[in-house]
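Structure first, commentary second.
The values are calculated or read from the model by the stated rules, or taken from the named source; none is laboratory data. Bear in mind the structure is a predicted one, so any value in this text is a computation, not a measurement. FYI the Cβ positions are ideal-geometry reconstructions off the backbone, even for glycines, and counts take in every protein chain you see. These area figures cover heavy atoms from the full protein model, side chains too; ligands, DNA and RNA do not enter into them. Shrake-Rupley method; radii C 1.70, N 1.55, O 1.52, S 1.80 Å.
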Amino acid sequence: MTVGIGAAYNGDDPAVVLIADRMVTTGAVEHEHSDGKLEMVSAGNPAVAAVAAGTLSYADELYYRVGNRIIEESPDTVQAVGELFVDEIHAIVRDEANNKILADYDLTLNQLTNQGVPLSDDMVTEFMSQISDLKQDIQGGTNMLIAGVDDDHGAQILELRDGSLTRHRSLGFQCIGSGAGSASLTFMRNGYDPENLEDALMLAADAKNQAGEAQGVGDKMDIAVVGDKVSFLDTDRIKTIQNVIEDVREAERTARENTINDADIDPLR
């Protein structure tokens, strides 16, 4: 239960704003963690950061595996980095199937799917059912936003969901987690079309605050700006942004009340 927000700016010096709360799920328990959930995936060429929603155990394993692949392969586009996440989520499923389901029978997934050993149809069906459930648990519970900027496509937000990758280009934003609906409505009500990076930042932060009204979304927030590098905003700057948002909301409430009071509306009774 959480919220992760990505907002892209594709004007001069394109960048992506990533925002996350600090709510984490441990078993059936939710709590605000002392560490943030924004993760730097690649420091540069291209710089890439990510945030995961929901239970984070497999996300942490993904960060470790993808980090090692980046060191070995030096992918040069955000898309290539995103595809490493897809490769590794499927590798995790295979490893978990081998270790948690098949190892006790001295079998591997490769043997099972390629009929490498004689098994009854019922036994194969049972194994495949367990593996399908495991796959759904891992891939269905691992939802991530992967953000970065490269020369090929500018500022990009990619989403890892159900084991596949989706590019969110037309809207320019994407939200994940239990507060995604409230956060997305904030973007849509304001007609997301940022004039500059600061505009994107303020609207994304406002969306996080709106999502805070949803059950299971933490009050605290962390912010990263991903351009030619990954920059994490410090606590004082985040507090200033939140104060500005509150001032804007108060001004909007006052303007609304004044407009209604000044309107010449016939009495309803």
Out of contact with any Leu (no Cβ under 9 Å at 6 or more places or on another chain) and closer than 30 Å to GLY44 by Cα, is that true of ARG253?
-> no
Residue check for SER164: within 30 Å of THR2 (Cβ to Cβ) and under 21 Å from the mean Cα position of the chain (by Cα) = yes
Does segment 204-225 contain any residue that is surrounded by fewer than 19 Cβ atoms within 10 Å (Cβ to Cβ), without any contact (Cβ under 8 Å) to a residue 12 or more places away in the chain and small (Gly, Ala, Ser)?
-> no
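Per-residue answers, yes or no, for (1) surrounded by fewer than 21 Cβ atoms within 10 Å (Cβ to Cβ); (2) within 12 Å of the chain's Cα centre (by Cα); (3) of a type in the set (Phe, Trp, Tyr):
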| position | (1), (2), (3) |
| --- | --- |
| LEU134 | yes, no, no |
| HIS153 | yes, no, no |
| ILE176 | no, yes, no |
| ALA180 | no, yes, no |
| ALA183 | no, no, no |
| PHE187 | no, no, yes |
Mind telling me which of the residues GLY179, GLY216 ends up being within 30 Å of ILE92 (Cα to Cα) and at pLDDT below 85?
-> GLY216
Residue by residue through segment 49-102, note down the ones that are surrounded by fewer than 21 Cβ atoms within 10 Å (Cβ to Cβ), among the small types (Gly, Ala, Ser) and modelled with pLDDT of 95 or more.
-> GLY67, SER74, ALA80, ALA91
Every listed condition ((1) within 19 Å of the chain's Cα centre (by Cα); (2) crowded, with 17+ Cβ neighbours inside 10 Å) holds for LEU109 save (1)
If you go through segment 203-211 one residue at a time, do you hit one that is modelled with pLDDT under 90, basic (Lys, Arg) and touching a strand residue (DSSP E or B) at 6+ places or on another chain (Cβ under 9 Å)?
-> no
Number of positions in segment 25-42 that are open to solvent by 70 Å² or more (accessible area, probe 1.4 Å) and at pLDDT 95 or above = 2
Residues of segment 227-262 being modelled with pLDDT of 90 or more, open to solvent by less than 40 Å² (accessible area, probe 1.4 Å) and not in a loop (DSSP other than H, G, I, E, B), which ones?
-> VAL230, ILE238, ILE241
Filtered residue count, segment 116-153, keeping only those that are without any contact (Cβ under 8 Å) to a residue 40 or more places away in the chain and of a type in the set (Val, Ile, Thr) = 4
Extreme residue, nearest to GLY181 (Cα to Cα), among residues of segment 50-81 that are of a type in the set (S, T, N, Q) and not in a helix (DSSP H, G or I) = THR55
